Amino acid sequence: SPPRTWFVVVTLSVMREIVHIQGGQCGNQIGMEFWKQLCLEHGIDHSGMLEEFATQGTDRKDVFFYQADDDHYVPRALLLDLEPRVLQNLNSELPKLFNPENVFISKDGGGAGNNWAVGYESAEKVAEEIMEMVDREADGSDSLEGFVLTHSIAGGTGSGMGSYLLERLNDHFPKKLIQTYSVFPNQAEHSDVVVQPYNSILTLKRLTLNADCVVVLDNTALNRIAVERLHVDAPTNAQINSLVSTVMAASTSTLRFPGYMNNDLIGLVSSLIPTPRLHFLMTGYTPLSLADGHDGAVRKTSVMDVMRRLLQTKNIMVSCSTRKGCYISIL
């Protein structure tokens, strides 16, 4: 009989790391809640040590954390701001979690004064220092997949410095994905910041040209959800940020826990974005609850009920009606 040839197919699971960058007051406050949520889900305490019950887990901690020599888990995060107040508060709440070399505070310490141009120019002056931090994190990854940026588009640091970072990252890492969680300003109230529309327009141009995926989070919608759905009369910034961090953790859960679908960021992005410029995404989340226990009741539900609620306008975190038009993609 003729000789037979056998082929063996071996599938290797490659860990795809993501570097998280948080800029400005809004970006760092959301980032702090996000890292608290990730630590909770992976069984890591606020000093970076693994809890005893989580030692046998099959979760992929290495996507957002790396392990130091002393078994201490360190987030793959860069914390950037032009004023020290928020980052000092973060260091008091999570004192031993972050790598101090990855925290950047401007020497002037005066902030950007809610001015996009000041934030952009300040980032340009310290570009080498910031990109050195980015390169260090990228070099420490086995198979870097991309970057996640959290920021606001209406202020000065998040918009100006965020815009400059998007341009540099796109130029420096052309084949890596860039995803942003961008907080849009409140439409219902008149802001004290006169130049808020200009900051937003200038940042939107960079988000359109340099980001691969933008998750739009709207302050108006977030406040409405907290008041109407969670019955919080006067939602605090911490409660609003908790909502955002829950969405961020949920949208990255398939990257961090083993499963059959969307095990990497490109799998998520490619199934949602049909053409490069159509990359602004809306998010819906249900059942809604806050970390402090608001509206955390257990209720009977079904798949149809969950889908119906997800597509309701009042559960979408953007002030945009879903009754007109059509969905291009849903994930």
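Would you confirm whether or not region 166-173 contains a residue that is under 16 Å from residue 30 (Cα atoms), modelled with pLDDT of 90 or more and open to solvent by less than 10 Å² (accessible area, probe 1.4 Å)? Within region 166-173 (the criterion being under 16 Å from residue 30 (Cα atoms), modelled with pLDDT of 90 or more and open to solvent by less than 10 Å² (accessible area, probe 1.4 Å)), the answer is no, since none of the residues qualifies.
Using the structure shown, decide if residue 288 is part of a loop (DSSP other than H, G, I, E, B), in contact with a helix residue (DSSP H, G or I) (Cβ under 9 Å, 6 or more places away or on another chain), open to solvent by less than 20 Å² (accessible area, probe 1.4 Å) and not aromatic (Phe, Trp, Tyr). Considered against the rule, which asks whether it is part of a loop (DSSP other than H, G, I, E, B), in contact with a helix residue (DSSP H, G or I) (Cβ under 9 Å, 6 or more places away or on another chain), open to solvent by less than 20 Å² (accessible area, probe 1.4 Å) and not aromatic (Phe, Trp, Tyr), residue 288 comes out as yes. Could you figure out which of (1) among the β-branched types (Val, Ile, Thr); (2) open to solvent by 60 Å² or more (accessible area, probe 1.4 Å); (3) under 23 Å from residue 179 (Cα atoms) isn't true of residue 244? Here residue 244 clears every test but (2).
The C-beta contact set for region 192-204 (first residue acidic (Asp, Glu), second residue open to solvent by less than 70 Å² (accessible area, probe 1.4 Å) and in a helix (DSSP H, G or I), distance under 9 angstrom, 6+ apart or interchain) is empty.
Checking 103, 118 one by one, the residue that is touching a residue at least 40 places away in the same chain (Cβ under 8 Å), crowded, with 16+ Cβ neighbours inside 10 Å and of a type in the set (Val, Ile, Thr) is 118 and no other. Take residue 255 and tell me if it is at pLDDT 85 or above, of a type outside the set (Lys, Arg), within 15 Å of residue 179 (Cα to Cα) and open to solvent by 20 Å² or more (accessible area, probe 1.4 Å). It is false that residue 255 is at pLDDT 85 or above, of a type outside the set (Lys, Arg), within 15 Å of residue 179 (Cα to Cα) and open to solvent by 20 Å² or more (accessible area, probe 1.4 Å). Restricting region 80-98 to residues that are farther than 22 Å from residue 253 by Cα and crowded, with 19+ Cβ neighbours inside 10 Å leaves a set whose member that is nearest to the chain's Cα centre (by Cα) is 80. For region 240-285, a residue qualifies if it is more than 18 Å from residue 41 (Cα to Cα), part of a helix (DSSP H, G or I), free of Cβ contacts under 8 Å to residues at least 40 places away in the same chain and of a type in the set (Val, Ile, Thr), and exactly one does: 240.
Any idea which of 74, 63 is more than 30 Å from residue 196 (Cα to Cα), of a type in the set (A, V, I, L, M, F, W, C) and touching a residue at least 60 places away in the same chain (Cβ under 8 Å)? First the steps, then the outcome.
Details: 74 fails: touching a residue at least 60 places away in the same chain (Cβ under 8 Å).
Criteria check complete, one pass: 63.
The values are calculated or read from the model by the stated rules, or taken from the named source; none is laboratory data. Model, not experiment: these values are computed from the prediction. We place every Cβ from the backbone using ideal geometry, glycine too, and count neighbours over all the protein chains shown. Quick note on the areas: whole protein, heavy atoms, side chains included, nothing else; ligands and nucleic acids left out. Shrake-Rupley method; radii C 1.70, N 1.55, O 1.52, S 1.80 Å.
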